[in-house]
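Since every read-out is calculated from the coordinates, none of them should be taken as a lab result. This structure is a prediction, so every number in the text was calculated from the model and none was measured. Methodologically, a virtual Cβ is constructed for each residue, glycine included, from the backbone with ideal geometry; neighbour enumeration extends over all protein chains shown.
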Amino acid sequence: MKKNPYKVLGVKEGASYDEIKKAYRELVKKYHPDRYRGNPLADLADEKMREINEAYEFLMKNAGGAYQYDYDDSSTSSQGSSYQYQSQQSSQYQQNAQQGYADESELERQARACLNRGDLNGAQRILDRMRNRNANWYYLQGLVFLRRGWYDRAYSNIQRAVNMDPSNFEYRNALNNLNNQSYGYRHNPYYYNNYRSSPDMCQICGTLWCADSCCECMGGDLISCC
Amino acid sequence: MFGYVEPDKPELKIREFEVFRGYYCSVCRSIGRRYGQVPRLSLSYDLAFLAVLLDATSHEAIQGDIVRCFAHPVRKRLLIRPNRFIEYASDMNIILAYYNLKDKWSDEKNLLGGCGCLALQSAFKKAEKRYQEKTRRIEELLGELNRLEKARCASVDEAAEPFASIMREVFECPHVEDERRRKVLGWLGYNIGRWIYILDAWDDLADDVKSGSYNPILEQYRYDGGDLDAFKASIKDKLDFSLTYSLSECEKAYALLGAEKNTGILDNIIYSGLIVKTDKVLQGRCGNNEKKSI
């Protein structure tokens, strides 16, 4: 059974083009493959992303008549760009992977294959057998720990890989990704826009007092009683 | 369990808080009805969260009644009608509480633990019968945890693994039919279990230094008996990363769960309550006295 595209995007039926686009952007941010890289639930996130893209495409084609005519050009071009974006992403991944494979030993390749299949024990066994502990070894070990949920060790291994080979884009990217994930979570809008960030009485009084002092410096007066 | 999973109350709507408390009361009552009055004392917030989370996977409307309860005789309160998820949460509470007390008894010869363990014995037998396979897995993992603690395991990640896996086992509720959803719940459980274990280890640092008990943080960062506050300050960022990353994985799993209801409460806990708790404990403002139930 196909899901209702409005429900998939979380908008009301008959929502305007702008509302749909906004909801779509939010969802893309939420289920972006970058966020789920190295996560055991990555396949489910992919599926969700496909569902969202399909719903968006459908609504852009069939959304309320007036909008369709007015925005026809822009909607098709934005559709195009969303898909290009997706395919660019995946081809970039493949390229990265292939570049990696070219100068890697057979064992490293096998370990990566195990990791891609989600076979963590297999990957760990191969890594344990390897003698040459180069930057790539630490990187792969970090990925295995990450997938397992051992984030402390994942971080130190990937950091070590970056320190050993600072020019490698893939390692640096993985390390940045780790930092971004935890930063992004801590700065989520729910937490960040709540009562903590709004000024309390102390701040308000302080600001008023400050403003009053400044005015007085300039010869004026904001609060006449003090 | 430890009672670390709490909503960020000032941000919660009153209605949402009442529903949350309604779930808590309902799990508590369900324990009373099926296991007797004494085991009701063992309930913590964490299991109320589990009930809210699991119930969010079904789209049946929430049904509740306003009733009076002898634990809170003054005002009538909302009570969510018991369903399979609420009963599951109460069963898991019995199993976890029993093992927790048993552990206290065998480790520290804590008398309270011994008595509690005896009091929960028959309730535990009943719950065990309902979920034999799960109980067996949990017992296995607890054995693993004990082994790591005896060996004074010097890796926080490794020491957290058995407890995190227990929570995976608990969150993977057999009453959730969709297999993919069970997988999502399992990963959420694993990460929340990891977070609870590490946070609890941090919270216990001072006590463990005093008593010389095992604590994975003291082992991994090689505490040399110097100033504890300086030691804590030197490793705080590392622990903060580990805890926050675990929570970010919880959030990612939650995003994929597609909760059908209770989103107000769940969003509040996942996006805010857990961060607030992390900060409180990391800054050491949470003494043991703050770990109380409603």
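Solvent-free Debye calculation, one equal scatterer per alpha-carbon of the stretch B:142-232: log10 I(q)/I(0) at 0.17, 0.23 Å⁻¹ equals -0.73, -1.07.
Pairwise Cα distances in the stretch B:28-72 exceed 18 Å in 42 percent of cases. Semi-axes of the equivalent ellipsoid for the stretch B:1-106, computed as √(5λ) from the eigenvalues of its C-alpha gyration tensor and ordered from largest down, come to 22, 16, 15 Å.
Residue order for A:13, B:108, B:16, fewest other beta carbons within 10 angstrom first, comes to A:13, B:108, B:16. In plain terms, the C-alpha convex hull of the protein assembly as shown casts an average shadow of 33.8 nm² when viewed from every direction. Fewest neighbouring Cβ atoms within 10 Å first, the residues B:20, B:124, B:2 line up as B:2, B:124, B:20. For peptide B:262-274, the mean count of partner chain Cβ atoms within 10 Å of a residue's Cβ comes to 2.
For the stretch A:118-223, the Cα gyration tensor yields ellipsoid semi-axes of 53, 17, 8 Å (square root of five times each eigenvalue, largest first, whole Å). Set against the 2.2 N^0.38 Å expectation for a compact globular protein, chain B has a Cα radius of gyration ratio of 0.98.
For the stretch A:125-141, 3J(HN,Hα) computed residue by residue from phi via the Karplus equation (6.51, -1.76, 1.60; θ = phi - 60°) reads 4, 5, 4, 4, 6, 6, 8, 7, 8, 8, 4, 5, 4, 5, 4, 5, 4 Hz, glycine and proline entered as x. Farthest toward the positive end of the dipole of the protein assembly as shown, out of B:99, B:19, B:281, is the Cα of B:99, where the dipole comes from beta carbon charges about the Cα centre.
Could you work out the mean projected area of the convex hull around the alpha carbons of the stretch B:133-286, in square nanometres to one decimal? Convex hull of Cα atoms, orientation-averaged projection: 9.7 nm². The order of A:60, A:164, A:218, going from fewest to most other C-beta atoms within 10 Å of their C-beta, is A:218, A:164, A:60. Diffusion coefficient of the stretch B:75-182 by Stokes-Einstein, Kirkwood radius over Cα pairs, 20 °C, 1.002 mPa s: 138 µm²/s. Pairs to check: A:30/B:13; B:76/B:280; A:3/A:61; B:76/B:277; B:129/B:277. Give those whose C-alpha atoms are more than 26 Å from each other in this structure. Violating the 26 Å Cα-Cα cut-off are B:76/B:280; B:76/B:277; B:129/B:277.
Note that the stretch B:38-44 has calculated 3J(HN,Hα) couplings of 4, x, 4, 5, 8, 6, 10 Hz, one per residue in order, obtained from phi through the Karplus relation 6.51 cos²θ - 1.76 cosθ + 1.60 (θ = phi - 60°); glycine and proline are x.
Fraction of C-alpha pairs exceeding 13 angstrom in the stretch A:109-171: 58 percent, rounded to a whole number.
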